[in-house]
Amino acid sequence: MSANPPSLRPDLAPAPVFSSLSRPGQPRIGMVSLGCPKALVDSERILTRLRAEGYAISPDYRGADAVIVNTCGFLDSAKAESLEAIGEALRENGRVLVTGCLGADPEFITGAHPSVLAVTGPHQYEAVLDAVHKAVPPSPDPFIDLLPATGVSLTPRHYSYVKISEGCNHKCKFCIIPDMRGRLVSRPAHAVLREAEKLVEAGVRELLVISQDTSAYGVDRKHDLHPWKGGEVRSHITDLAREMGRLGAWVRLHYVYPYPHVRDLIPLMAEGAILPYLDIPFQHAHPDVLRRMARPAAAAKTLDEIAAWRAVCPDITLRSTFIVGYPGETEDEFQTLLDWMEEAQLDRVGCFQYENVAGARSNALPGHVPAEVKQDRWDRFMAKAQAISEAKLEAKVGTVLQVIVDAVDDEGATCRTMADAPEIDGNLYIDEGFEGLAPGDIIPVTVDEAGEYDLWGTRA
């Protein structure tokens, strides 16, 4: 077993897990799912609909009658990865349909790959299905083709992403996600809770709540009421988190914008209703950089807010992402970010070097930072983050933590603590006495050893 590398990209979902059986003559569709967990949920929804119509899922190119590539358009580097994946699917299979964020610019795709069968944009499920029907007509057998109660999942059986809304109302200058995915559209609270309940009933032990802006959930619905369990529940993140916490699974919140009402979530964490974990995209700490990003610029108040969260819930884990080398960023502004990091002592940190993205307003800003300076600042930032992480993990040695088992092989068990989300955070490894453990088990572990990002321990 190997420890996590220190530069895992926080915009990437776990690798999809495919498992499929098919009957003779059943049409088979392959899926390449790129980008973030929100895109992975879109892939799951597409495949669930296709399975309901009698399609099998192919885990490889050669066994598929056609391949769907769900693309990412977050950064120019992600766009390049998407084009490369489309090209690979064309070479290996030849019949390719493209969807996802990059599909919002179909000419960009067809200009590079004119032979793709169809291009659709993000969360255009009906259009994707229509394109699949045209390329590979369905051939369902209602007596054989049974759909799992929870639909098709591309994650391990013991955890699942639950997307509570689509789109975003922010206008950050470096981001084009609102242009691709639109303004905030929240799902009804009872629909989210019913999905979460079904997942837990099917054996899911951890629910990962995702959206473009989780703390804004329900704003577009004016926090309307919905029937639930003989009463009513508001479409508000606090109410939603409280109800999800009653389902008996770990509940982890991602992409929580630091609105003032986020402080209302912290008592739920202190009570154990939801995991003491907040994933908050701070992006930077210097007020002038934040203003150029068109983001709130009260970094000092953010430190006060972090202190208040920790006063209520001392065990809270804070994860965030940052951008270095943003246009106009000076050495003094970058040093302010390093100083802020030293004071904030965030537990989990990801970092991007700024990239131009076609259509982003930040492209036109003056003072673009040379590549070598961006790399130097990224290196220095990650060194600071690594030192903080190492010290925090060392302090856990000798303590007993609850962990969830992700995988077991001949060498040991790979687990995660409450402080670790799949793929983007660290692991806890059990090298001895792991016999009998299975993915999804939640057990107490004594921490014996700490590294820069990972822990090692024995069953308590």
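In segment 251-267, what count of residues is obtained for those that are of a type in the set (A, V, I, L, M, F, W, C) and within 16 Å of the chain's Cα centre (by Cα)? It would help to see each step written out before you state the result.
Taking segment 251-267 first, the residues of a type in the set (A, V, I, L, M, F, W, C) are 251, 253, 256, 262, 265-266.
Among the residues that remain, those that are also within 16 Å of the chain's Cα centre (by Cα) are: 251, 253, 256.
Adding up the residues that qualify gives 3.
Name every residue in segment 391-422 that is surrounded by fewer than 17 Cβ atoms within 10 Å (Cβ to Cβ), at pLDDT below 95 and either within 27 Å of Ala344 (Cβ to Cβ) or acidic (Asp, Glu) (or both), in order of residue number.
Asp409, Asp410, Glu411 - these are the residues of segment 391-422 that are surrounded by fewer than 17 Cβ atoms within 10 Å (Cβ to Cβ), at pLDDT below 95 and either within 27 Å of Ala344 (Cβ to Cβ) or acidic (Asp, Glu) (or both).
Which pairs turn up if I take residues in segment 253-274 that are small (Gly, Ala, Ser) and look for partners that are surrounded by fewer than 19 Cβ atoms within 10 Å (Cβ to Cβ) and assigned to a helix (DSSP H, G or I) with beta carbon separation below 7 Å, at least 6 apart in sequence or on another chain?
Ala270/Val312
Restricting to segment 120-139, and then to whatever is within 24 Å of the chain's Cα centre (by Cα) and hydroxyl-bearing (Ser, Thr, Tyr), can you tell me which residue is surrounded by the most Cβ atoms within 10 Å (Cβ to Cβ)?
Restricting to residues being within 24 Å of the chain's Cα centre (by Cα) and hydroxyl-bearing (Ser, Thr, Tyr), the top hit is Thr120.
Show me the strands (runs of 3 or more DSSP E) entirely contained within segment 159-276 in which 3 or more residues are farther than 17 Å from Cys313 by Cβ.
Working: elements: 159-163, 206-210, 225-228, 231-234, 250-253.
By residue number, 159-163, 206-210, 225-228, 231-234.
Can you tell me which residues in segment 73-103 are touching a Lys or Arg at 6+ places or on another chain (Cβ under 8 Å), surrounded by fewer than 22 Cβ atoms within 10 Å (Cβ to Cβ) and assigned to a helix (DSSP H, G or I)? It would help to see each step written out before you state the result.
First, the residues of segment 73-103 that are touching a Lys or Arg at 6+ places or on another chain (Cβ under 8 Å): 73, 92-93, 101-102.
Retained after the next criterion (residues that are surrounded by fewer than 22 Cβ atoms within 10 Å (Cβ to Cβ)): 92-93.
Glu92, the sole residue that qualifies.
Could you tell me how many of the residues in segment 316-334 are over 19 Å from Pro281 (Cβ atoms) and surrounded by 14 or more Cβ atoms within 10 Å (Cβ to Cβ)? Give the derivation first.
Taking segment 316-334 as the starting set, the residues that turn out to be over 19 Å from Pro281 (Cβ atoms) are 328, 330-332.
Among the residues that remain, those that are also surrounded by 14 or more Cβ atoms within 10 Å (Cβ to Cβ) are: 328.
Number of matching residues: 1.
Looking at (1) free of Cβ contacts under 8 Å to residues at least 24 places away in the same chain; (2) under 15 Å from Arg380 (Cβ atoms); (3) of a type outside the set (Lys, Arg); (4) surrounded by 15 or more Cβ atoms within 10 Å (Cβ to Cβ), find the lone condition where Leu290 falls short.
Evaluating Leu290 over (1) free of Cβ contacts under 8 Å to residues at least 24 places away in the same chain; (2) under 15 Å from Arg380 (Cβ atoms); (3) of a type outside the set (Lys, Arg); (4) surrounded by 15 or more Cβ atoms within 10 Å (Cβ to Cβ) leaves (2) as the failure.
Here's a check for you: in segment 423-440, which residue that is surrounded by fewer than 20 Cβ atoms within 10 Å (Cβ to Cβ) and under 22 Å from the mean Cα position of the chain (by Cα) is farthest from Ala270 (Cα to Cα)?
It comes out as Pro439.
Which of the residues belonging to segment 441-451 are crowded, with 17+ Cβ neighbours inside 10 Å and in contact with an Asp or Glu (Cβ under 9 Å, 6 or more places away or on another chain)?
Once the filter is applied, which keeps residues that are crowded, with 17+ Cβ neighbours inside 10 Å and in contact with an Asp or Glu (Cβ under 9 Å, 6 or more places away or on another chain), segment 441-451 yields only Ala450.
So, of the residues in segment 145-182 that are charged (D, E, K, R) and more than 10 Å from Gln212 (Cβ to Cβ), which turns out to be modelled with the lowest pLDDT?
The first filter runs over segment 145-182 and keeps only residues charged (D, E, K, R), leaving 145, 157, 163, 166, 171, 173, 179, 181.
In the following step, the residues that additionally are more than 10 Å from Gln212 (Cβ to Cβ) were identified as 145, 157, 171, 173, 179.
Working: Asp145: 45, Arg157: 84, Lys171: 88, Lys173: 93, Asp179: 80.
Going through the qualifying residues, I end up with Asp145.
Among the residues of segment 198-207, what is the count of those that are crowded, with 16+ Cβ neighbours inside 10 Å and modelled with pLDDT under 95? Steps first, please.
Step one: of segment 198-207, the residues crowded, with 16+ Cβ neighbours inside 10 Å are 199-200, 204-207.
If we keep only those that are modelled with pLDDT under 95 too, we end up with 199-200, 204.
Final tally of qualifying residues: 3.
Here are the criteria: (1) at pLDDT below 95; (2) farther than 15 Å from Arg310 by Cα; (3) touching a strand residue (DSSP E or B) at 6+ places or on another chain (Cβ under 6 Å). Tell me which single one Lys229 does not satisfy.
Here Lys229 clears every test but (3).
If you check Pro281 against the conditions, is it in a loop (DSSP other than H, G, I, E, B), at pLDDT below 95, of a type outside the set (Phe, Trp, Tyr) and in contact with a Ser or Thr (Cβ under 6 Å, 6 or more places away or on another chain)?
Details: in a loop (DSSP other than H, G, I, E, B): yes; at pLDDT below 95: yes; of a type outside the set (Phe, Trp, Tyr): yes; in contact with a Ser or Thr (Cβ under 6 Å, 6 or more places away or on another chain): yes.
Yes: the conditions hold for Pro281.
Spot the failing condition for Leu290; the list is (1) more than 30 Å from Glu372 (Cα to Cα); (2) out of contact with any Phe, Trp or Tyr (no Cβ under 8 Å at 6 or more places or on another chain), and only one is missed.
Condition not satisfied by Leu290: (1).
The values are calculated or read from the model by the stated rules, or taken from the named source; none is laboratory data. Because the structure is a prediction, the values reported are computed rather than measured. As a convention, Cβ positions derive from the backbone with ideal geometry for all residues, glycine included, and neighbour counts pool all protein chains shown.
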